[in-house]
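So the structure is just underneath, and the comments pick up after that.
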Amino acid sequence: MTNMSVSTAIQQRTSVRVFEPDYVMNESDKRRLLELAMKAPSAWNIQHWRFVLVEDPAQRADLQVAAANQAQFTDAAMLVAIVVDIDAWTRNPARYFKAAGDDIAEVLAAKVHDFYTDRDWLARDEAMRSCGLAAQTLMLAATEMGLASCPMDIFVADTVTSLLNLPDGHETAMFVAIGQAKADQGMARMERLPYSEIVIIDRFPMA
């Protein structure tokens, strides 16, 4: 474990595509990373994410075939499918607000029900956004631990759904591979666009 600031982790994190296949992570480090990812923010505190920790080599190989044969699926020490539970808001939503007390939890649960009912598109969009926040939290935690990571969203969705045996109302948002980077990545780190192009004050200019 390193003693790295959040800003340093943000600066150092990059998407690594070539991992040391012989590097092994211990189980306590894997659990620690997933527990930190669980601290990510989510819409209404619904925590839409489900993390499928893929450990079986045969399962990884099958997923790799469904994901354009990306080497990260089999070479990284840790492979996590970030799965979206789109219907999480329907299952006893008061439990997401327990810390507020029973009365307030019931009021908030009713608000959740009203907010998402007949707005399936919104339920899905917010669940996906929440899973993105969890994935970023996971990758920054990995960076803080001195590990490399890579988010991956190129895969055949139906095949992955079948391989992971996902229940109805669940989709795979992305995979995150974590491990030790190989020294030679084969390409330089990509540059970011300039601040002046990315940051707009108040509103976009008139055309």
Dipole of the chain, positive end: most advanced residue of Ala76, Gln180, Leu53 [Cβ charges, Cα centre]
Gln180
Applied in sequence order to region 157-173, the curve 6.51 cos²θ - 1.76 cosθ + 1.60 (Karplus, θ = phi - 60°) yields integer Hz couplings, x standing for Gly and Pro, of 4, 4, 5, 5, 4, 5, 5, 8, 6, 5, x, 4, x, 10, 9, 8, 6
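Quote the relative contact order of region 6-198 in percent (integer), defining contacts as alpha-carbon pairs under 8 Å separated by 6+ residues.
Numbers: 296 pairs, mean separation 67.9, N = 193.
Once divided by the residue count of region 6-198, the mean separation gives 35 percent.
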Taking Cα centroids, how far is region 136-207 from region 17-54 in Å?
13
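Please give the charge dipole size of the chain, origin at the Cα centre, charges +1 on K and R Cβ atoms and -1 on D and E Cβ atoms. Round to the nearest 20 debye. Spell out each step's value before the answer.
Numbers: 19 positive and 28 negative charges, 100 e Å.
In total the dipole reaches around 480 debye.
Can you tell me, using C-alpha contacts under 8 Å and at least 6 residues apart, the relative contact order of region 46-112 as a whole percent?
Numbers: 63 pairs, mean separation 23.2, N = 67.
Relative contact order here is 35 percent.
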For Ala77, the net charge from surrounding residues (Cβ-Cβ under 13 Å; K, R +1; D, E -1) works out to -3
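What is the sum of charges, Lys and Arg at +1 and Asp and Glu at -1, for the other residues whose Cβ falls under 10 Å from the Cβ of Ala148? If you can, show how the numbers build up before the last one.
Working: positive: Arg13, Arg17, Lys182; negative: Glu20.
Net charge around Ala148: +2.
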Take the alpha-carbon positions of region 129-207, form their convex hull, and give its projected area averaged over all directions (one quarter of the hull surface) in nm².
9.5
Cut-off 13 Å between beta-carbons: net charge of the residues surrounding His113, Lys and Arg +1, Asp and Glu -1:
-1
The computed P(r) of the chain puts the percent of Cα pairs beyond 23 Å at 54
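Within region 6-198, how many lysine pairs that are 8 or more places apart, or on different chains, have C-alpha atoms less than 29 Å apart? Working shown, then result.
On the way: Lys30/Lys39; Lys30/Lys98; Lys30/Lys182; Lys39/Lys98; Lys39/Lys111; Lys98/Lys111.
Counting lysine pairs in region 6-198 gives 6.
We did not get these values from a lab; they are worked out from the coordinates using the rules stated. Note that the structure is predicted; figures quoted are calculated from it, not measured. Cβ atoms come from the backbone with ideal geometry, glycine included; neighbour counts cover every protein chain shown.
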